[in-house]
1. Arranged by the count of other C-beta atoms within 10 angstrom, fewest first, what order do 8, 78 take?
2. Which one, 18, 53, 194, has the greatest fluctuation when you compute a Gaussian network model over the chain with C-alpha springs under 10 angstrom?
3. For every helix of n ≥ 4 consecutive DSSP H residues, a contribution of -39,500 (n - 2.57) applies; sum these over the chain, divide by its total residues, and give [θ] at 222 nm rounded to the nearest 500 deg cm²/dmol.
4. Give me the number: length gained by fully extending residue 178 to residue 313, i.e. 0.36 nm times residue separation minus the C-alpha to C-alpha distance, one decimal in nm.
5. Sort 37, 300 so the one with the fewest other Cβ atoms within 10 Å of its own Cβ comes first.
6. Where the centre of each part is set by its Cα atoms, how far does region 186-261 sit from region 6-36, in angstrom?
7. Run the numbers for residue 208 and residue 69: contour at 0.36 nm per residue of separation, minus the present Cα-Cα distance, in nm.
8. Taking the chain as a Gaussian network, Cα atoms linked when under 10 Å apart, which of 264, 145, 233 shows the biggest mean-square fluctuation?
Ligand code: NDP
Ligand code: PYC
């Protein structure tokens, strides 16, 4: 801890999160589910989707765009599909309700997909991916957001920051998981730079006139850029399609239009896939999963790291020592209790 930070236990942060969310009218079951995600983010060193998200959630609650006591409904759509209508609530509870149906279908059918509709999404996807890989299944998830990101070759926002996340279960360790925005960086990261009055690297965004900028606010007011040029742009479009029209839900442009300047978190759908390796591999599952370990060894064996390795190390530290919040954030969160 330094003068600029405040030490907290994970239990202390959970308590603070529940208190802030219920103080601002979020129903108890949602407050619990949202708290689990936010505390996991801070625990794993994901500052843009950790405790800072409490401020974002409270702003969303204040806009009235999220249903505070929504009761998600499961629709058992087809043998290998499940739909969950979040009924305007935060996505976490809808995911938790749909998860057992999804994984059961994946086991009996080999593969299953879940469409979560009509949810408000502010979160990282890896907690959901881990909930699927924990059950020995391969996982994929994506969700659009608000139209903040210009397509490669354009200057006007069309796409959301549209994260894609993938998980692969490993026999003796933490799963292989990656989870990133298809924009150069999550919008939350630029918001944190704005809060800390720090410049952003070139390549994250352009100002309202389409000029490259290192000013966080100018990029937030202008357009964010995709990662990897046309490649990130195509992946962002894929996310719009899979978690938008395919499941009958909003694109990022439609989400932003529905927000109508209120400043809520994105509203719309999420697409989740679960695959049982035993479906393809039967009795040979173990031997082929072992071949995946050879691949991971070839990566780490040359000094490269696996995605999520930093996160797992942060998790181990936080479980032992707790976390340190920037003092300004801690004070802002205490202010939300007032
Ligand atoms: P990053 O660009 O930081 O990339 C994150 C992923 O890349 C992590 O899996 C990370 O692992 C891995 N990674 C980073 N550096 C390396 C490296 N050197 N070698 C190997 N792997 C590496 O994240 P983003 O800013 O793009 O996204 C952050 C979060 O924001 C995500 O969790 C995403 O879900 C969330 N988000 C949510 C949105 C929503 O609408 N709900 C919208 C946009 C983003 P590690 O964590 O171990 O560093
Ligand atoms: O950081 O881009 C982001 C984001 C959007 C919705 C939730 N997080």
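We did not get these values from a lab; they are worked out from the coordinates using the rules stated. Only a predicted model underlies this, so the values are computations on that prediction, with no experimental measurement involved. Every residue, glycine as well, gets a Cβ built from its backbone with ideal geometry; the counts of neighbours run over all protein chains shown.
1. 78, 8
2. The residue that fluctuates most here is 194.
3. Details: 13 runs with 147 residues, N = 338.
So the calculated ellipticity at 222 nm is -13500 deg cm²/dmol.
4. 47.1 nm
5. Result, fewest neighbours first: 300, 37.
6. Taking the Cα centre of region 6-36 as reference, the centre of region 186-261 is 28 Å away.
7. Values: separation 139, 0.36 × 139 = 50.04 nm, distance 3.79 nm.
Length gained between residue 208 and residue 69: 46.3 nm.
8. Among 264, 145, 233, the largest GNM mean-square fluctuation belongs to 233.
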